[in-house]
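Have a look at the structure below before the remarks.
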Amino acid sequence: MNAMPDDLREIVAAILQRGEIAKFVSEVELESDLDEFGDEFLRVVVRLKPTDKDIDEALESVLEQIEDAIAKLDDRFPSVRFLDAA
């Protein structure tokens, strides 16, 4: 079962908005891609604003929440990445 992209974006956005990192999120990208074996997965890229605050623990929590939420709606593995603004 594969969820609609807009539904997945809304779920990811909702998780990011209610978390400790909400004020650091600048952009979210979600797209389907294929791995080296031809299996489909979801690439979730969260771009973050620069910060000196240590948010690693919060990022780990958000990562788990995103993976769990997507797993309930979609069979594809979610590859979640957090990118710092340059």
> Residues in segment 37-86 that are among the charged types (D, E, K, R), open to solvent by less than 80 Å² (accessible area, probe 1.4 Å), in a loop (DSSP other than H, G, I, E, B) and out of contact with any Ser or Thr (no Cβ under 8 Å at 6 or more places or on another chain): how many?
Replying inline: 1
> Would you pick out the residues in segment 1-27 that are in a helix (DSSP H, G or I) and among the polar types (S, T, N, Q)?
Replying inline: 17
> Is at least one residue of segment 13-24 among the small types (Gly, Ala, Ser) and under 10 Å from the mean Cα position of the chain (by Cα)?
Replying inline: yes
> Between residues in segment 1-27 that are under 14 Å from residue 69 (Cβ atoms) and residues that are assigned to a helix (DSSP H, G or I) and open to solvent by less than 30 Å² (accessible area, probe 1.4 Å), which pairs lie under 6 Å by C-beta distance while being six or more apart or on different chains?
Replying inline: 11/69; 12/66; 15/66; 19/62
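The values are calculated or read from the model by the stated rules, or taken from the named source; none is laboratory data. None of these values were measured; they are calculated from a predicted model. For neighbour counting, all protein chains shown are included, and Cβ atoms are generated from backbone atoms with ideal geometry for every residue, glycine included. Note: accessible area is taken over every heavy atom of the protein model, side chains too, but ligands, DNA and RNA are not part of it. Shrake-Rupley method; radii C 1.70, N 1.55, O 1.52, S 1.80 Å.
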